[in-house]
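The values are calculated or read from the model by the stated rules, or taken from the named source; none is laboratory data. The model shown is predicted, which means the values in this text are computed figures rather than measured ones. In this analysis, Cβ positions are derived from the backbone assuming ideal geometry, glycine residues included, and neighbour counts consider all displayed protein chains.
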Amino acid sequence: MSAAASTRPTSTATSPQPASDAAAVRVVDGQARLGGRVVWSEVDVEIAAGEFAAILGPNGSGKTTLLRVLLGELALARGSASVLGRTAGASKGQIGYLPQRRHFDAGTRVRGIDLVRLGLDGARWGLPLRRSGGERVSEAIELVGAGDYATRPIGALSGGEQQRLLIAQALVSEPRLLILDEPLDSLDLPNQRAVAALLERICRERAVTILLVAHDVNPLLSYLDRVVYFGAGRAVVGEPREVITAATLSSLYGVPVEVLQTADGRLVVVGLPEAPAHHSDRHAH
């Protein structure tokens with residue numbers, strides 16, 4: 001499915017397309033403000049049900065701001081936003097949400113299985129429990145491939161193992177939409193690729209729409225259906241090969257960015273500014 005892109009050249013790289021009734025996420029002529037400052041404007045986004053999409057861009061460009069809009073935490077200053085066919089914020093019971101990565105002290109004794117079980121608190125949003133909690137916890141753990149270590153203390157696990165269990169926690173409520181804020185942050189490259197492949201498999205096998213924020217697009221490029229790339233107060237939306245070009249990324253980042261193609265046809269982005277190790281204000285993204 002093609003992106004529902006604006007005709008304004010400052011906010012998209014693709015031609016206008018008719019809106020789809022199957023859209024899981026839709027933003028029309030959106031403008032977001034924080035503290036009186038315009039973060040981005042004239043933004044049009046459409047993500048179809050069952051797509052794997054990434055929100056990308058420089059730090060401070062408005063990536064997490066979009067998540068806040070979709071979760072109903074921040075109202076648009078202009079335009080409209082809908083999620084799963086309803087006004088943003090009205091579908092919380094159908095959304096699995098994984099915030100920016102938590103860091104567990106090595107002495108944290110909570111077992112992985114108990115961490116996943118906490119995701120069943122999603123019932124407080126009115127989510128009907130179609131199957132027993134134990135059944136759903138076991139299935140979520142199996143789905144992310146964490147069965148071998150789910151009964152161990154979370155503090156004793158590697159970063160990649162912890163992240164799989166956190167993804168299971170977000171999945172245990174059986175959401176239609178999974179939103180993840182920088183799930184690859186602080187993971188080494190092999191674990192980044194493993195988590196990206198895991199999310200793509202969940203997206204395909206369970207028909208779950210996945211929307212994640214990331215700084216580095218490279219570990220994700222082989223798996224994505226759509227990208228929403230923020231920069232310079234606007235967003236460019238489309239399929240990866242439509243958006244991931246040297247000209248587009250250089251314009252959004254304000255610095256030269258190269259996009260290379262490997263012998264087997266894969267795209268590789270080089271020259272992106274480094275992200276800081278920690279984000280002091282996640283709401284400024």
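Of note:
- Annotation: ARG68 fulfils all but one of (1) in contact with a strand residue (DSSP E or B) (Cβ under 8 Å, 6 or more places away or on another chain); (2) assigned by TED's automatic domain parsing to the domain that holds VAL217; (3) surrounded by 17 or more Cβ atoms within 10 Å (Cβ to Cβ); the unmet one is (1).
- Verdict on GLU182 being in contact with a strand residue (DSSP E or B) (Cβ under 7 Å, 6 or more places away or on another chain) and either acidic (Asp, Glu) or surrounded by fewer than 19 Cβ atoms within 10 Å (Cβ to Cβ) (or both): yes
- Residue match in region 21-39 (condition: part of a loop (DSSP other than H, G, I, E, B) and modelled with pLDDT under 85): yes
- Wholly enclosed strands (runs of 3 or more DSSP E) of region 132-244 bearing at least 1 residues in contact (Cβ under 8 Å) with a residue 24 or more places away in the chain and out of contact with any Ser or Thr (no Cβ under 8 Å at 6 or more places or on another chain): 177-181, 209-213, 226-231
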